């Protein structure tokens, strides 16, 4: 299958037109990258079976929480010097062929530096060491709780060392380790990581505040 630039998509007057794709369409990661390049205003993910998933924008409160989450991870990465932080617009090409975008993530700096310049410009072909997803108030759609749990399972299966699923509306957290069942914690004030990520703390009250 070859994808070419559509004149309609390239027209400035059509730049904000909604993305519509056939339900039975299946893409390779390379083809998906072409679709993303032609629809830069859209936030897209690619499932392991080649389906394109369109992510709807977050509400303002969730967006503020996401910004605070990334800010805290970025401060940790800068202080430690051994990590690279990524925000919610970053897609990663996972080993299973899917392209997913965590709400925030950390990659060990030596893993990032081992990538070629071309790999860094595209969807980095790796699973982040730490992935964090932030649930929205709704439990429906691609940002809903059931969909996010599926994503957490995918990160775990693709080699993430640690995953945190934040549930602001319940002020709870699900911790997904490298293997095993997730653990749920009710109303924690601080979320701490161990092992290689020792020293990382999320101040949850600041994230819940939105």
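Any read-out appearing in this document is the output of simple, stated calculations on the displayed coordinates, not a laboratory observation. Remember, it's a predicted structure, so these values are computed and weren't measured experimentally. Counting neighbours? That spans all protein chains shown, and the Cβs are built from the backbone with ideal geometry, glycine included.
Quick look at the numbers
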read-out: Inter-residue pairs, beta-carbon under 6 Å, first in contact (Cβ under 8 Å) with a residue 60 or more places away in the chain and in segment 153-170, second crowded, with 21+ Cβ neighbours inside 10 Å and part of a loop (DSSP other than H, G, I, E, B), 6+ apart; value: 158/94; 158/127; 159/127
read-out: Residue count, segment 74-87 (criterion: crowded, with 21+ Cβ neighbours inside 10 Å and not in a strand (DSSP E or B)); value: 0
read-out: Entirely in segment 104-201, the helices (runs of 4 or more DSSP H) that have 2 or more residues that are buried (at least 17 other Cβ atoms within 10 Å of the Cβ); value: 145-157
